[in-house]
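One structure is given below, encoded as structure tokens.
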Amino acid sequence: MNTVQITDLAWGGQGLGRIGGKVVFVPFSLPGEVVEIELISSKKNFSQGRLLRVLEPSANRIEAPCALYQACGGCQLQHLSPLKQIQEKERLFKQNLNHSLQGMEIPIKPVLSSSLAFGYRHRLHLKSAWEKKRFNVGLFRADSHEVVPITRCLLANEAVNQVLTGLQETIQNIQFTDWTPEIELQFFGNPVKGGLVFFSRRGLTSDRMKRITREIRKSFRLDYILFQDPNEPMWKSAAPFSAEEDSPEFDLPASETGLPHDLFLSCFPRVFSQINLTLNQRLIMELIKMNLFDRQDRILDLYCGLGNFSLPLSLLVEEVIGLEISPLAVENARWNQRRNQITNCTFWGVKAEEGLPKIGKRGKPISKIFLDPPRSGAREAIPWLDTRALDGILYLSCNPMTLFRDLKSLVERGWKVEWTQAVDFFPQTYHLESLTCLSRP
């Protein structure tokens, strides 16, 4: 046992202290606290501790509302008050940005925070396992592959939880003990739509898919039950399913966003969407209020997904071209385009680095680029962003570390960071998105 004074909060939400001058990271501890820990690993430059007791608690510590907190690996910051969570995330974002781009004065806008501390997720990707003849569905325990059973998640909306509550018992009764899939739940909209996607690398016979579908529909009202082999591009279904008609839909109201008219966007199963739709709507509203675009702009939206940003921006500019590698996401984006009768938007099913060289050969030059890459960042696209016709970049990042790497590369290529802003899509967790604006000096 060791007693440690926690002096800081590190990226990832862990408290940071020292034992004999050596850094030790302690999950679920806070700056200013004195804690008792057990050392569980030791490396050359740091150690990892497990929290046993808080001897002197921080004034910012609160009682975590979830009974599974610290067991389930889904949240890291429920023990920290919501306001302090935002402040700490913003502080860490600024600290790491300044460290990565030393010598640069970068204006940082106030963090854009979620109005919902809980209940904001419309989708959960769950793990499952049969253990001692018992079916468990939930999330992995932190730093392990042990499934922690969950019958209710405080981060999920009520529609997701209504299914989650009875899902474990329902599948337990089906008794397919040789099949341990991952399961994705997605439900939202008005009226609520959604369903389940089961993942299995072993594959399933048609009869098994039919039986699973039949048994689950005895317990839940679902718009779809789909089966996906991760190695295959498309799902299978034992019942009629239309992605266009049966997928959930969210709206971007003109009254809330400032758009010329309402937009309605469907989210097909397995297509990426922002998990916090309330903050997503607010982010789009803030983008429009900034007056960054005009009618003469031609925008390239890289990693465009279902058209979440392409389609709203198309109402403000001359043309938008979206590049997306996922064929299903491209199909989803094109459906949303037709659904909203938008004619100045084109979606290409291609990798960013493969589509970018072709853009310059097509009509008028692109004036601005919107980037929303995966956690790995946009490294492969950066070499193509040197054209002089391009006068602006907006970079929405879900990983600050790859963002800082990419910003450094862009600055070296002559771009100037005009401002950046943290966007807290994921309360109760350490995850943080950000929006950054770059221009030609």
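The values are calculated or read from the model by the stated rules, or taken from the named source; none is laboratory data. Computed from a predicted model, the values in this text were never measured in an experiment. When we count neighbours, we look across all protein chains shown, and the Cβ atoms used for this are built from the backbone with ideal geometry, even at glycine.
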Of those in region 1-46 that are of a type in the set (S, T, N, Q) and at pLDDT below 95, the residue surrounded by the most Cβ atoms within 10 Å (Cβ to Cβ) is Asn2
Restricted to region 263-294 and to residues being aromatic (Phe, Trp, Tyr) and closer than 20 Å to Phe250 by Cα, the residue surrounded by the most Cβ atoms within 10 Å (Cβ to Cβ) is Phe268
Check your understanding: Taking the stated definitions as given, is Glu56 surrounded by fewer than 17 Cβ atoms within 10 Å (Cβ to Cβ) and touching a strand residue (DSSP E or B) at 6+ places or on another chain (Cβ under 8 Å)?
Key -> yes
The strands (runs of 3 or more DSSP E) lying entirely within region 1-111 that contain at least 1 residues which are more than 25 Å from Thr420 (Cβ to Cβ) and acidic (Asp, Glu) are 34-42, 46-56
Residue set Ile183, Ile108; condition within 18 Å of the chain's Cα centre (by Cα) and touching a residue at least 40 places away in the same chain (Cβ under 8 Å); output residue Ile183
Flagged in region 226-253 as of a type outside the set (Ser, Thr, Tyr), surrounded by 13 or more Cβ atoms within 10 Å (Cβ to Cβ) and at pLDDT 95 or above, in numbering order, are Leu226, Phe241, Ala243, Glu244, Asp246, Pro248, Glu249, Phe250, Asp251, Leu252, Pro253
Going through region 136-181 in order, the residues found to be aliphatic (A, V, I, L, M) and within 22 Å of Trp235 (Cα to Cα) are Val137, Val160, Val163, Leu164, Leu167, Ile171, Ile174
By residue number, the members of region 1-39 that are in contact (Cβ under 8 Å) with a residue 24 or more places away in the chain, of a type in the set (Asp, Glu) and within 26 Å of Phe426 (Cβ to Cβ) are Glu33
When every residue in region 295-333 that is aliphatic (A, V, I, L, M) and within 16 Å of Pro357 (Cα to Cα) is compared, the one surrounded by the most Cβ atoms within 10 Å (Cβ to Cβ) is Leu300
For strands (runs of 3 or more DSSP E) lying entirely in region 138-215, having 3 or more residues that are out of contact with any Lys or Arg (no Cβ under 9 Å at 6 or more places or on another chain) picks out 193-199
If we ask which residues in region 265-279 are touching a strand residue (DSSP E or B) at 6+ places or on another chain (Cβ under 8 Å) and either more than 10 Å from Asn308 (Cα to Cα) or not in a loop (DSSP other than H, G, I, E, B) (or both), their number turns out to be 8
If we keep only residues of region 184-223 that are touching a Gly at 6+ places or on another chain (Cβ under 8 Å) and farther than 17 Å from Phe250 by Cβ, then the residue surrounded by the most Cβ atoms within 10 Å (Cβ to Cβ) is Leu222
**Request:** May I ask you to verify whether Ala129 is on the phi < 0 side of the Ramachandran plot, within 20 Å of the chain's Cα centre (by Cα), in contact (Cβ under 8 Å) with a residue 24 or more places away in the chain and surrounded by 12 or more Cβ atoms within 10 Å (Cβ to Cβ)?
**Result:** no
Scanning region 287-328 residue by residue, the ones that are in contact with a Gly (Cβ under 7 Å, 6 or more places away or on another chain), among the hydroxyl-bearing types (Ser, Thr, Tyr) and assigned to a loop (DSSP other than H, G, I, E, B) total 0
In region 132-163, anything under 21 Å from Ser247 (Cα atoms) and within 20 Å of the chain's Cα centre (by Cα) is listed as Ala156, Asn157, Glu158, Ala159, Val160, Asn161
